[in-house]
Amino acid sequence: MAIKQKQVLSMQQKLSPQQIQMIRLLELPAAQLEQRIKQEIEENIVLEEDDHTSEEEQPQEISMEDYLQEDDETPAYKSRINNFSKDDKPRQVPVVEGRTLQEYLIEQLGYRNLSETDMRLATFLVGSIEDDGYLRRDLESIADDIAFTLGIEVEPQHLEELLRIIHELEPAGVGARNLQECLLLQMDAQKTNTPARVLARKILASYFDDFVKKHYEKLMARLRVSEQEFREAIEEIKRLSPRPGNLYSEGGTDTTPYVIPDFILDYQDGHFDLSLNSYNIPEAKINHRYVDMIRGMVNSEGKVKESDREALQFVKSKIDSAKWFISAIKQRHDTLMSTMRAILDYQREYFKDGNKSKLRPMILKDIADRTGLDVSTISRVVNSKYVQTHFGIILLKSLFSEAMQTDSGEEVSSYEIKNILQQCVDEEDKRHPLTDETLMDILNSKGYHIARRTVAKYREILNIPVARLRKQI
């Protein structure tokens, strides 16, 4: 086949650097916005933090083209900013910092009488422990990794001995390979042995599967204990933690997030006062020194020296980037406020007292229609954003719900159905918990036409286990 060259005209839609920057800033909650602004101030020499000590106004719009003559031979790419890449990915900014669980365990290992080699092996084992405290990799695979990374040949049996030392560290249960071992390690760490604890350990060690499936009557028959004795043993097991790593909250993990509200909503004398939470969020401005520097590079004839041309292009790109960033921050503020005002207007009755039964059915399109923004923009605004009210801090995303019709044709929020579902489960006989089929019949009798699979979906959203797992004695 002959090789041919031809021109093809096509239209493509691409986001500009400003749009990409705006989208990323819009997604950031208040805590991460603070870090992002400080990062931009560090990276852009033209930006500085506005401490409000000076009342000078920001510099007027500067056109660098006035300083570049028509015969300027500077390549166009030097005056263009490329602050994004197709490979760019949003970075997660840590909200809380501190020692991790692994660092805490390694510190405790330092007090053990271990040889240098064993200390390296134990440290490697600790590094394989996940944030929730479990060791989910088998020791044979870890031994292979140690041989490749540390150059130490070690038998899995020796790693088992070191793992037993790790099992003695705090928090109790760390390094367990499954839930049963985790609970047994916590039982072993308790100093006193009461009859209830002895029975609880026997249940976990010998009848764990029946315990998980809640075959309580079968267990009481096999163990030949009374209902009161069995109940006391179950209470001892309930005090144990299924995720021991979460008990260590000094380190900044995803299990202990620090929530900073993005909006502050006050309600007094029947009036709402909505504001954007700007506490600890620095304000950025353009440093006047660099503007004066550019003006100093221009002679009386309005021309720039050849030696200063490169510096002029550099400062110009930084000023343009700074203007884009400041503009994006302002646009973020306006978009967040207009969206939150629309949500407040839509759910005004709910925000008066926080009664979830007053929540109106609301989807993203409802707010998009009121604000004139795109649905994707509304989605970015409400994602990971919180509002502080007089009845608590609320996740914006939790205010959105589906609409369902009653027998009378009235539209109600799915929250109302979830509240009824939660109330039915709270008031049920724990010896004979209500099945999804029974819950469906109860809701249908109240006028809510709902299928069994929808009951199951709402039950999972509310973190309510199936009837068999809710059974108690």
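The values are calculated or read from the model by the stated rules, or taken from the named source; none is laboratory data. Computed from a predicted model, the values in this text were never measured in an experiment. Cβ sites come from the backbone with ideal geometry, for glycine too, and all protein chains shown count toward neighbours.
Can you find a residue in the range 293-306 that is outside any helix (DSSP H, G or I), in the same structural domain as residue 45 (by TED's automatic domain parsing), of a type in the set (Ser, Thr, Tyr) and closer than 28 Å to residue 45 by Cβ? Yes, the range 293-306 has at least one match.
Residues that are assigned to a helix (DSSP H, G or I) and either in contact with a Ser or Thr (Cβ under 8 Å, 6 or more places away or on another chain) or farther than 19 Å from residue 239 by Cβ (or both) within the range 188-227 comprise 206, 209, 210, 217, 218, 220, 221, 222, 223, 227, listed in sequence order. Counting only residues that are surrounded by 18 or more Cβ atoms within 10 Å (Cβ to Cβ), modelled with pLDDT of 85 or more and among the hydrophobic types (A, V, I, L, M, F, W, C), the range 443-459 holds 2 of them. For the range 177-187, the set of residues classified as assigned to a helix (DSSP H, G or I) and either within 29 Å of the chain's Cα centre (by Cα) or under 16 Å from residue 238 (Cβ atoms) (or both) consists of 179, 180, 182, 183, 184, 186, 187, listed by residue number. If we scan the range 205-212, do we find a residue that is polar (S, T, N, Q) and either on the phi > 0 side of the Ramachandran plot or at pLDDT 90 or above (or both)? Yes - at least one qualifying residue is present in the range 205-212. Screening residue 374 with (1) in contact with a His (Cβ under 9 Å, 6 or more places away or on another chain); (2) free of Cβ contacts under 8 Å to residues at least 12 places away in the same chain gives one miss only, at (1).
Going through the range 453-473 one residue at a time, which ones are without any contact (Cβ under 8 Å) to a residue 40 or more places away in the chain, touching a helix residue (DSSP H, G or I) at 6+ places or on another chain (Cβ under 9 Å) and of a type outside the set (Lys, Arg)? The answer is 454, 455, 456, 465, 466, 467. The residues on offer are 276, 344, 373, and the sole one that is at pLDDT 85 or above and under 24 Å from residue 35 (Cα atoms) is 276. Which residue out of 174, 126, 154 is hydrophobic (A, V, I, L, M, F, W, C), in a helix (DSSP H, G or I) and either without any contact (Cβ under 8 Å) to a residue 40 or more places away in the chain or surrounded by 14 or more Cβ atoms within 10 Å (Cβ to Cβ) (or both)? Selected residue: 126, the only one of 174, 126, 154 that is hydrophobic (A, V, I, L, M, F, W, C), in a helix (DSSP H, G or I) and either without any contact (Cβ under 8 Å) to a residue 40 or more places away in the chain or surrounded by 14 or more Cβ atoms within 10 Å (Cβ to Cβ) (or both). Every listed requirement among (1) farther than 20 Å from residue 27 by Cβ; (2) at pLDDT 90 or above; (3) small (Gly, Ala, Ser) is met by residue 357 save one, (2).
Taking the range 327-433 as the region of interest, the helices (runs of 4 or more DSSP H) fully inside it that hold 2 or more residues being surrounded by 14 or more Cβ atoms within 10 Å (Cβ to Cβ) and in the same structural domain as residue 466 (by TED's automatic domain parsing) are 414-427. Modelled with pLDDT of 90 or more and either surrounded by 15 or more Cβ atoms within 10 Å (Cβ to Cβ) or under 30 Å from residue 32 (Cα atoms) (or both), is that true of residue 121? Here the answer is yes, as residue 121 does meet what is asked. Taken together, the residues in the range 335-365 that are among the polar types (S, T, N, Q) and farther than 21 Å from residue 381 by Cα amount to 2.
Screening residue 462 against (1) under 23 Å from the mean Cα position of the chain (by Cα); (2) surrounded by 15 or more Cβ atoms within 10 Å (Cβ to Cβ); (3) at pLDDT below 85 leaves a single unmet condition, (2).
Does residue 308 qualify as being buried (at least 17 other Cβ atoms within 10 Å of the Cβ), among the acidic types (Asp, Glu) and either farther than 29 Å from residue 343 by Cα or at pLDDT 70 or above (or both)? Taking the combined requirement at face value, the residue satisfies it.
Considering only the range 183-194, I want to know if a residue exists there that is of a type outside the set (A, V, I, L, M, F, W, C), within 20 Å of residue 102 (Cβ to Cβ) and touching a Gly at 6+ places or on another chain (Cβ under 8 Å). Within the range 183-194, one or more residues are of a type outside the set (A, V, I, L, M, F, W, C), within 20 Å of residue 102 (Cβ to Cβ) and touching a Gly at 6+ places or on another chain (Cβ under 8 Å). For the range 1-33, filtered to residues that are at pLDDT 80 or above, of a type outside the set (Lys, Arg) and in a loop (DSSP other than H, G, I, E, B), the residue that is farthest from residue 325 (Cα to Cα) is 3.
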